[in-house]
Amino acid sequence: MLAPMQKNKSLVLGITAGIAAYKAAELVRLLIKANIDVQVVMTESATQFITPTTMQALSGKPVFVGMWDEGVDNGMPHIELSRNADAILIAPATAEFVAKLLHGRADDLLSTLCLARDCPLLVAPAMNKQMWENPATQRNFKQLAADNIAVLGPGSGEQACGETGDGRMLEATELFAHIEAHFTPKILADKQLLITAGATLEMIDPVRGITNLSSGKMGYAIAQAAANMGAKVTLVSGPTHLPPPHNVAFISVNSAASMYEAVMQNIQNQDVFIGVAAVADYAPTEVAQHKIKKTADTLTLTLHRNKDILAEVAHLPNPPFCVGFAAESEHVVEYAEKKRITKKLALIVANEVTSAMGHDDNQVTLIDDNGNHPLVRAPKSTIATQLLEHITHLL
Ligand code: C5P
């Protein structure tokens, strides 16, 4: 099984003259880490903001600036560079550069290679709020869509000029998420997925609760990968320290009971339900209205059993394709298979409990009607992609 992101896509990153050029350095680092081949092309003025040496060190390739730079075999960099690219991203894209793009002008290497391209073009605007709001800029950006050029952002917030408003370039992590989604094959287009993630929190009194060590990383990685594959994704999450994935409907809950409610309210029309959350099996029968005082030597809590969300969904009259996770400390595959049968699941993901919780990578075995499919230890984002590819085969 090959993850889509491992096919070594190649991107031309065009940098124009904006202070946000510093964010392009971090973006290149993220792209290279994800195995995306990056060719940096800068305008002459962009080199006033960040040096080609920096970009060359990060991308591992010579950076092109001028029309007559040496280094391209046939001496036609504008054709050669875009011919090898799967996409071109201009980040930051200045108001001037976008105006040039719209008029099909080609007076430097970057604008010429955009004109000569045979691949998608994406631009991430970066400018002061007055420049962004100017009717000319607005007119130009509207026209970009008509020319099939995708606009990423801009964001809003504090600007280098001291003002606050629209026009900021998106952060490197946001741009990376857009590029990752752009390069992912849309194998889940038209599918709806509901996913639970994270731990639950069962309150004892207003300041204390029972929870567990689940970080939410696996569930969030699956939600992001599914959205990148074109699915309509709803993520019901217990408390975590993670930012919500991009392009995903996000529902934040605390207790197992509120997670159950959120799932049941959204289960209709779902094609797939994946229960990744580490749901508390028991919750305090009563939540103290005020903070419990340490007056007695012992304290006894009475807990009641929570509903099994996944099993309830799988036992609905018309259930979606149900996937569970089984974290076990011994007899991992055997116990997971038993759980799959009892809960009536099409697929279960078995892992050893200490190898998974809180870590960025994991080693799992997928178990379905056809048997066991062990996957090699890999980052959770790769496991997520492989799991979703496996689900699409079974669907
Ligand atoms: O039975 P166990 O808790 O080990 O099963 C784990 C699987 O069941 C996970 O997929 C988890 O999300 C789901 N689950 C649930 N509701 C519960 C307990 C577990 O959805 N109350």
Restricting the range 171-221 to residues that are open to solvent by less than 20 Å² (accessible area, probe 1.4 Å) and in a loop (DSSP other than H, G, I, E, B), the one nearest to residue 388 (Cα to Cα) turns out to be 188
Would you point out the residue of the range 222-261, among those that are touching a strand residue (DSSP E or B) at 6+ places or on another chain (Cβ under 9 Å), assigned to a helix (DSSP H, G or I) and closer than 16 Å to residue 182 by Cβ, that is farthest from the ligand (Cβ to nearest atom)? 227
If a residue counts only when it is under 29 Å from residue 241 (Cα atoms), which strands (runs of 3 or more DSSP E) contained entirely in the range 326-376 have at least 1 such residues? 347-352, 364-368
Which one is farthest from residue 320 (Cα to Cα), of the residues in the range 240-283 that are of a type in the set (D, E, K, R) and more than 23 Å from the chain's Cα centre (by Cα)? 281
Got a sec? Which of 181, 197, 189 is touching a His at 6+ places or on another chain (Cβ under 8 Å) and of a type in the set (Gly, Ala, Ser)? 181
Test: residue 265 is modelled with pLDDT of 95 or more and closer than 22 Å to residue 393 by Cα: no
Name every residue in the range 294-316 that is more than 8 Å from the ligand (Cβ to nearest atom) and open to solvent by less than 20 Å² (accessible area, probe 1.4 Å), in order of residue number. 314
State all residues of the range 322-353 that are of a type in the set (A, V, I, L, M), surrounded by 15 or more Cβ atoms within 10 Å (Cβ to Cβ) and under 28 Å from residue 269 (Cα atoms); if no residue qualifies, say none. 323, 326, 336, 345, 346, 347, 348, 349, 350
Could you please give the count of residues in the range 265-293 that are surrounded by fewer than 16 Cβ atoms within 10 Å (Cβ to Cβ), in contact (Cβ under 8 Å) with a residue 12 or more places away in the chain and not in a strand (DSSP E or B)? 10
Restricting the search to the range 111-132, which residues are buried (at least 19 other Cβ atoms within 10 Å of the Cβ) and either assigned to a strand (DSSP E or B) or of a type in the set (Gly, Ala, Ser) (or both)? 111, 121, 122, 123, 124, 125, 126
Take the residues in the range 133-159 that are surrounded by 13 or more Cβ atoms within 10 Å (Cβ to Cβ) and in contact (Cβ under 8 Å) with a residue 40 or more places away in the chain; name whichever of them is nearest to the chain's Cα centre (by Cα). 152
Being touching a residue at least 60 places away in the same chain (Cβ under 8 Å) and touching a Phe, Trp or Tyr at 6+ places or on another chain (Cβ under 6 Å) is the filter here, so list the residues in the range 165-196 that pass it. 194
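The values are calculated or read from the model by the stated rules, or taken from the named source; none is laboratory data. Remember, it's a predicted structure, so these values are computed and weren't measured experimentally. Virtual Cβ from ideal backbone geometry, glycine too; neighbours counted across all protein chains shown. Just so you know, the surface numbers come from the protein's heavy atoms only, side chains and all, with ligands and any DNA or RNA stripped out. Shrake-Rupley method; radii C 1.70, N 1.55, O 1.52, S 1.80 Å.
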